Each structure stands twice: as structure tokens, then as C-alpha cells.
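Everything on this sheet refers to the single structure shown next.
The values are calculated or read from the model by the stated rules, or taken from the named source; none is laboratory data. These numbers were taken from a predicted model, which means no experiment stands behind them. Counting neighbours? That spans all protein chains shown, and the Cβs are built from the backbone with ideal geometry, glycine included. To get the accessible areas, we keep the full protein, side chains included, count just its heavy atoms, and leave off ligands, DNA and RNA. Shrake-Rupley method; radii C 1.70, N 1.55, O 1.52, S 1.80 Å.
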Amino acid sequence: CACFGILSVSAQTHSFQVWTSIGTSVDLSKKLSLEFEAESRFQQTGALLKQASAELGLDYNITKHFFVGASYKFADKYRKNGYFPVHTFAAIAGYKKKFGNLRIGYQNKMNLEKNTYIKKAEDVRPSFVDKNKIKLVYTGIDRLRPSVFVETYHLVGNESRYAIETIKYGINCGVEFRKQIGVNVGYMFRQEIVDRQNISIVTIALSKEL
């Protein structure tokens with residue numbers, strides 16, 4: 001059972017990273033919006049750039065609560081012998097609803113990833129990763145948006161295998177300095193089930209709606 005792997009912590013390593021990002025979004029119509037995000041991930045004390053990426057996506061609101069979308073992400077990932085590009089195409093579906101001062105959201109993101117770093121024969125083929133995220137946001141404090149989330153990554157194999165590869169737990173606090181401009185600072189604990197590695201991540205994000 002995959003859930004037993006989540007509880008196992010023996011012989012795991014723990015590292016530290018800092019992720020910074022800048023994002024923006026623009027409404028193309030009442031239901032359609034365009035989003036862009038650039039992100040940098042630094043290993044340990046920030047001396048090593050682990051990954052740099054840029055992602056462009058479209059979201060379409062089917063109803064007030066249900067939405068779908070699609071995105072493309074280009075990332076340069078650091079390996080032992082240099083940086084190698086990764087191309088990711090994603091199909092997105094989600095649900096969002098507000099209960100008083102509490103906003104809840106769920107998102108499913110099916111990723112098709114093509115890695116140019118070839119270490120073994122199966123790396124030549126593209127991989128499928130299904131991401132599921134649940135997020136709670138409290139909106140009862142003026143200009144502050146504290147939130148928590150849980151996200152799981154599931155490997156989708158050629159034999160219809162569906163296993164948890166990664167699970168992330170996060171807590172964030174967003175601050176709205178001006179209307180449509182915000183900064184989000186948070187902490188995320190990422191557990192790599194397959195690689196048996198735990199990562200503590202500090203996240204800093206700047207966003208603006210156009």
C-alpha cells in the first residue's frame with residue numbers, strides 16, 4: 001500500500017531549499033484568463049541554482065465553482081554534469097468554493113513531462129505525473145491571506161501503475177500591499193517517497209494581476 005511509504009522515515013536525507021517566483025495574470029474575458037510564472041529554486045544556502053523555469057497557462061471558468069485549464073512549462077534542471085531542459089504539458093481541472101471567511105480549492109493537474117537528461121533507457125520516453133492539491137485560505141483578516149495545503153504527486157506507469165511519488169505540506173501567508181499586488185511567504189515540507197528524501201523549502205512569491 002502506498003500510504004505506508006508516506007509514514008516510513010528511516011534512512012532518509014533532509015535538505016533545505018529556497019524557491020522564489022514572480023507571477024502575473026490577465027483576464028482575457030469574463031471566463032478566460034492568461035497566467036505566467038517564472039521561478040528559481042536554490043539548493044541549501046542559495047549557492048546553487050537547482051532549477052529555473054517559466055510557465056504559461058490558460059484557465060477557463062466553466063461555472064462559478066468549476067474551472068479547467070492547460071499550461072506549458074520550460075525548466076532548466078541542474079544535474080551532476082550540467083543543466084538539462086525539461087518540457088511539461090499539463091491539463092488542469094479544479095473546484096473552488098467559499099464558506100464564509102474560508103475558501104477551499106481542489107486542483108487536479110495531469111502532467112506530461114519530457115526530460116532531456118537520459119540516464120537510463122526509460123528516460124527516453126515521456127512520463128506522466130498526476131498532481132492533486134487541496135488548499136484552504138482564510139479571508140477574514142484585512143490584507144492577509146493565511147493558507148494551508150496538501151499536494152500529492154502520483155506516477156502513472158505503462159502498466160497502469162498509480163503510486164505516490166511525492167507529498168507536500170505547506171503553510172503560507174499572503175499580504176496584499178495594493179489592490180492586485182501581493183507577496184506570499186511560506187514554508188513547505190516535501191517528502192520524496194521514491195528517493196527517500198525530505199526537503200524543507202522556504203517560498204517567496206510576488207504576484208500582480210493586470
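For the set GLU192, GLU176, the ranking by accessible area, highest first and with no ligand, DNA or RNA atoms included, is GLU176, GLU192 under a 1.4 Å probe. Taken along its principal axes, the alpha carbon cloud of the chain reaches lengths of 48, 36, 34 Å, longest axis first. On a per residue basis, the chain carries 61 Å² of accessible surface, using protein heavy atoms and a 1.4 Å probe.
Label separation (ARG143 vs ASN198): 3.6 nm, computed from points 7 Å beyond Cα along the C-beta direction. By definition, a body whose alpha carbon gyration tensor gives a ≥ b ≥ c is prolate when a/c is 1.5 or more and a/b is larger than b/c, and segment 118-179 fits this prolate description. Note on the chain: with neighbouring protein chains present and a 1.4 Å probe, carbon and sulfur make up 62 percent of its accessible heavy-atom surface. Each peptide in 108-117, 141-150 receives the mean, over its residues, of other Cβ atoms within 10 Å, and ordering these scores from highest gives 108-117, 141-150. Round to the nearest 10 and report in Å² the accessible area of LYS73, as given by a 1.4 Å probe over the protein chains' heavy atoms. Probe radius 1.4 Å; accessible area of LYS73 about 40 Å².
A probe of 1.4 angstrom, applied to the heavy atoms of all protein chains, finds ARG125 with accessible area near 130 square angstrom. Take the cross-link list LYS109/LYS168; LYS73/LYS131; LYS50/LYS96; LYS114/LYS135; LYS31/LYS97 and give me the ones stretching past 26 Å between alpha-carbons. Over 26 Å apart, Cα to Cα: LYS50/LYS96; LYS114/LYS135. Taken as Cα centroids, segment 94-133 and segment 162-210 sit 14 Å apart, rounded to the nearest whole angstrom. The heavy atoms of ASP195 present about 110 square angstrom of accessible area, all protein chains included, probe 1.4 Å. Calculated mean residue ellipticity, 222 nm, the chain: -500 deg cm²/dmol, from DSSP H runs (n ≥ 4) at -39500 (n - 2.57) each, averaged per residue and rounded to 500.
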